[in-house]
Structures are given as C-alpha cells and as structure tokens.
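Reviewing the structure listed below.
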Amino acid sequence: MNRFEFLKVAGVGAVACACGSLVSCGNKALDPAPSNIDFTLDLSQSANAALTVDGGSLTNQGILIVRISVGNFTAVYRSCTHEGTAVNYQSNKFVCPNHGATFDINGNVTKGPATSSLRKYNTQLTNNSLRVYS
Ligand code: FES
C-alpha cells in the first residue's frame, strides 16, 4: 500500500468513525420503562428507612421512589428520557446529572434536553406498606 492508498483508507475510516459518533449522539437506545411493576416495600425495615423522612428516596427495580411528605410519595422510572442516565431527586424535582434535564415530581419535563416525561408509577401507603405499581 502506498502513501496515497493509506491516506485514502484512513480517511474513509475517520469519516466512518465521525459519522458513527454523530449518529449515536442523542440516539442511544433507551431501555423502555417497565409496564408490569407491582411491588410492596415494608417501611418498618431498615433497608427502606430512607422513605420514612421527607425528601428521602431509594431505587427498587429501576424505580426511584421518593417521600415528598408524610403519606405522600412519588415513583418514576429512574432512566432519563434523553440518553438514559439515572436521575436523582433534589428539592422537589428530578435532575439528570448528565446534561442537566429536570423533571417535576410527576416526571414531567421542566428543562431539556430531554423532551419526554419520566414514566410515573402509582403509590399506595397502607400502614407501613408502600405499594408501587403500574
Ligand atoms: S441523559 Fe442527557 S439530560 Fe439526561
């Protein structure tokens, strides 16, 4: 292979790599939010103690569950709808640490680049049992 042929092949490879990078940006395949969720957390168990204080949260089966206030919980699929990074709960909103998208406590987008809501799940508290379900 002479120098011209090498540069020709290397150039095609570089363009292919650049295109691959551009195509993957923003088009990462996201895991779909599960639709068959139904589990119950015993809030008297130490493993679930985070949910006994306002603003406390934990993740179970990819669902981020937060105690907003006494008897008031919210639960969303934790994967950001932009590129799938796990969101965190901070001061009455969900925040994606990757590109800064934010969502309200119901999972609705309040700041991009995400354009779709986080999937929200139902919660029901009965005594010390918190049910999270689709
Ligand atoms: S992954 Fe980009 S804002 Fe969440």
**OP:** Express in nm, to one decimal, how much length is gained between residue 131 and residue 102 on full extension, taking 0.36 nm for each residue of separation and deducting their alpha carbon distance.
**Re:** 7.9 nm
Subject >> Amide hydrogen neighbours beyond the local backbone of residue 119, cut-off 5 Å, H modeled >> reply: 77
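Tally Lys and Arg at +1 and Asp and Glu at -1 over the other residues with C-beta under 12 Å from the C-beta of residue 111: what net charge comes out?
Working: positive: 93; negative: 104.
Residues close to residue 111 contribute a combined charge of 0.
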Subject >> Tail fraction, Cα-Cα pairs, the stretch 23-96, threshold 17 Å, whole percent >> reply: 48
**OP:** Show the residues, 5+ positions off or on another chain, whose built amide H is closer than 5 Å to the amide H of residue 60.
**Re:** 65
Subject >> Rounded to whole Hz, the Karplus (6.51, -1.76, 1.60) HN-Hα couplings of the stretch 71-82, x for glycine and proline >> reply: x, 10, 10, 9, 9, 9, 5, 6, 7, 4, 6, 7
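Read the figures in this text as sums done on the coordinates, not as results from a lab. Computed from a prediction, not measured in an experiment: that's the story for all the values here. Cβ sites come from the backbone with ideal geometry, for glycine too, and all protein chains shown count toward neighbours.
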